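So the structure is just underneath, and the comments pick up after that.
The values are calculated or read from the model by the stated rules, or taken from the named source; none is laboratory data. These numbers were taken from a predicted model, which means no experiment stands behind them. Cβ coordinates were reconstructed from backbone atoms using ideal geometry, including for glycine residues, and neighbour counts include every protein chain displayed. For accessibility, only protein heavy atoms count, side chains too; no ligands or nucleic acids. Shrake-Rupley method; radii C 1.70, N 1.55, O 1.52, S 1.80 Å.
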Amino acid sequence: LLTGFQPQVVITDMRMPRESGLTVLRLVKQHNPGIEVLVMTGHGKIEEAVEAMKLGASDFILKPFEITQMLSAVKKCFDRITLRLENAELQMANRELQRLN
């Protein structure tokens, strides 16, 4: 799916029938480290949360969650994406200024 559809954010559950959320997280980050990944679970263990964050998860959300909690996590993901884009633009502008200088 990642080759045909380029998501900016992926939300995955930790426990699913075929693959674990950590496996999905690894695959997404291998494909494109810039994709933000939210991991949620109803069976949270601190070790899983730590592992998810080490693998590059944007957030680890325990179920049941309030919708405001999920909205806040998704907003943070898009804020990070926006900051990365702005940073890339600033780096390009800086390189151009150095070239002109």
Practice item. Enumerate the amide H contacts of L38 below 5 Å, restricted to partners 5 or more residues apart or on another chain; note that Pro and chain-start residues carry no placed amide H. Key: V10, I11, T12, S58
Practice item. In square nanometres and to one decimal, what's the mean projected area of the convex hull around the Cα atoms of region 48-101? Key: 4.9 nm²
Review point. To the nearest 20 debye, what charge dipole does the chain have about its Cα centre, counting +1 at the Cβ of each Lys and Arg and -1 at the Cβ of each Asp and Glu?
Key: 160 debye
Review point. Each label point is 7 Å from the Cα along the Cα-to-Cβ direction; what then is the distance between the points at L1 and E89, in nm?
Key: 3.0 nm
**Study point:** Nearest-10 value in Å² for the accessible area of K45, using the 1.4 Å probe
**Key:** 110 Å²
Review point. Considering only protein heavy atoms and a 1.4 Å probe, what is the carbon-and-sulfur percentage of the accessible area of the chain?
Key: 59 percent
**Study point:** Stretch gain in nm, segment E96-D13, where the contour uses 0.36 nm per residue and the Cα spacing is subtracted
**Key:** 25.6 nm
Check your understanding: Which of the peptides 85-97, 28-40 is most tightly packed, and how do the rest follow, judged by the mean count of other Cβ atoms within 10 Å per residue?
Key -> 28-40, 85-97
Review point. How high is the relative contact order of region 5-101, in percent, counting Cα pairs under 8 Å that sit 6 or more residues apart?
Key: 25 percent
Revision key, fill the gap. Rg/Rh of the chain (Cα atoms, Kirkwood Rh), to two decimals, equals 1.09
**Study point:** Antiparallel content of DSSP bridges confined to the chain, in %, to 5
**Key:** 0 percent
Check your understanding: Once the Cα atoms of helix 67-100 and of the chain are each reduced to a long axis, what angle between those two axes, in degrees from 0 to 90 to the nearest 10, is obtained?
Key -> 20 degrees
Exercise for review: Would you mind getting me the FRET efficiency between E47 and Q69? Use the beta-carbon distance for r and R0 = 22 Å, nearest 0.05.
Suggested key: 0.50
Review point. How much accessible area per residue does the chain have, in Å², with a 1.4 Å probe?
Key: 71 Å²
